[in-house]
Amino acid sequence: VQLQASGGGLAQAGGSLRLSCAASGGTFRSYSIGWFRQAPGKGREFVSAISGGGSSTRYADSVKGRFTISRDNAKNTAYLQMNSLKPEDTAVYYCAAARTLVVLTTRAGYDYWGQGTEVTVSS
């Protein structure tokens, strides 16, 4: 499956952005989708994940209550709604897919990765 992340950009602290992850080449509902991010000079960290059917979700503590993950299997697209953005949310955001029913929170379980979309939050 191929993944294309989009929707990044510049936002002010307290603002919102919605990221999209469009998939092609596979049966989208068969894949759990995860969002990860990598800030300058830091490692790639887990942000959120959603199961294939959308019934199970997980969030990193740092984004819980501010970010919402969702998916539309009819459109082969997953989303990450980011509200109440903070400067520390500045990073390149990646979506990833794992052919599993389990919602994964570590990089190792993901088989496919998108190219990343950059998010910059100004204070």
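The values are calculated or read from the model by the stated rules, or taken from the named source; none is laboratory data. What you see is a predicted model, and the numbers here were worked out from it, not measured in a lab. No Cβ is skipped: glycine too gets one built from the backbone with ideal geometry, and neighbour counts run over all protein chains shown. Ligands, DNA and RNA are excluded from the accessible area calculation, which covers all protein heavy atoms including side chains. Shrake-Rupley method; radii C 1.70, N 1.55, O 1.52, S 1.80 Å.
Brief remarks follow.
- Qualifying residue in the range 39-49 (condition: of a type in the set (Phe, Trp, Tyr) and part of a strand (DSSP E or B)): yes
- Qualifying positions in the range 73-89 - within 9 Å of Ala13 (Cβ to Cβ) and of a type in the set (Ser, Thr, Tyr): Ser84
- Of all residues in the range 28-50, exactly one satisfies the criterion of being touching a helix residue (DSSP H, G or I) at 6+ places or on another chain (Cβ under 7 Å) and open to solvent by 30 Å² or more (accessible area, probe 1.4 Å), namely Arg44.
- When restricted to residues that are under 12 Å from Phe28 (Cα atoms) and either open to solvent by less than 50 Å² (accessible area, probe 1.4 Å) or touching a residue at least 60 places away in the same chain (Cβ under 8 Å) (or both), the range 51-62 contains 3.
- Criterion violated by Gly25 - all others in (1) over 12 Å from the mean Cα position of the chain (by Cα); (2) open to solvent by 30 Å² or more (accessible area, probe 1.4 Å); (3) modelled with pLDDT of 95 or more satisfied: (3)
- Matching option when the condition is free of Cβ contacts under 8 Å to residues at least 60 places away in the same chain and in a strand (DSSP E or B), among Ala96, Ala78, Ala108: Ala78
- Residue under evaluation Thr77, criteria (1) open to solvent by less than 40 Å² (accessible area, probe 1.4 Å); (2) β-branched (Val, Ile, Thr); (3) more than 18 Å from Val1 (Cα to Cα), criterion not met: (3)
- Odd one out for Gly15 among (1) assigned to a loop (DSSP other than H, G, I, E, B); (2) surrounded by 19 or more Cβ atoms within 10 Å (Cβ to Cβ); (3) touching a Leu at 6+ places or on another chain (Cβ under 7 Å): (2)
- Restricting the range 78-122 to residues that are more than 21 Å from Gly54 (Cβ to Cβ) and polar (S, T, N, Q), the residue that is nearest to the chain's Cα centre (by Cα): Thr117
- Residue check, Ala22 within 19 Å of Thr120 (Cα to Cα) and either part of a loop (DSSP other than H, G, I, E, B) or small (Gly, Ala, Ser) (or both): no
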